[in-house]
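What follows is a set of notes on a single structure, which appears directly below.
The values are calculated or read from the model by the stated rules, or taken from the named source; none is laboratory data. Being a predicted model, the structure only gives us computed values, none of them experimental. Note: ideal-geometry Cβ built from the backbone for every residue, glycine included; neighbour counts use all protein chains shown.
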Amino acid sequence: MNKKAQGLSMSTIIIAAIALLVLVILATFLLRSGGDVNEGTSCEGIGGKCNPENCNNMGDGTYIPKGQSTCDEGYICCIPL
């Protein structure tokens, strides 16, 4: 018998299918464990507190203003020093 082409062996196909399944499981795990990106960059997410006007009237420690803020308008993000 004269073969003109060589096919993939069954073991190669099974290994490729298992590898694909592992990649899908890893991708699902990584995407679900990422969480909300905005949560980590919000004022509360970095340990600060939204406060009206300035950080001097916080009363429970020394706070400094943070440049960019996710607080509502009229509030600033105060982070502990």
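Details
- In the set 10, 1, only one residue is of a type in the set (A, V, I, L, M, F, W, C), modelled with pLDDT of 85 or more and exposed (fewer than 10 other Cβ atoms within 10 Å of the Cβ); that residue is 10.
- All of (1) among the aliphatic types (A, V, I, L, M); (2) at pLDDT below 70; (3) part of a strand (DSSP E or B) hold for residue 58 with one exception: (3).
- Here the condition is being assigned to a loop (DSSP other than H, G, I, E, B), surrounded by 11 or more Cβ atoms within 10 Å (Cβ to Cβ) and at pLDDT 75 or above; of 50, 77, 71, it holds for 71 alone.
- All conditions but one from (1) in a helix (DSSP H, G or I); (2) at pLDDT 65 or above apply to residue 39; the one that does not is (2).
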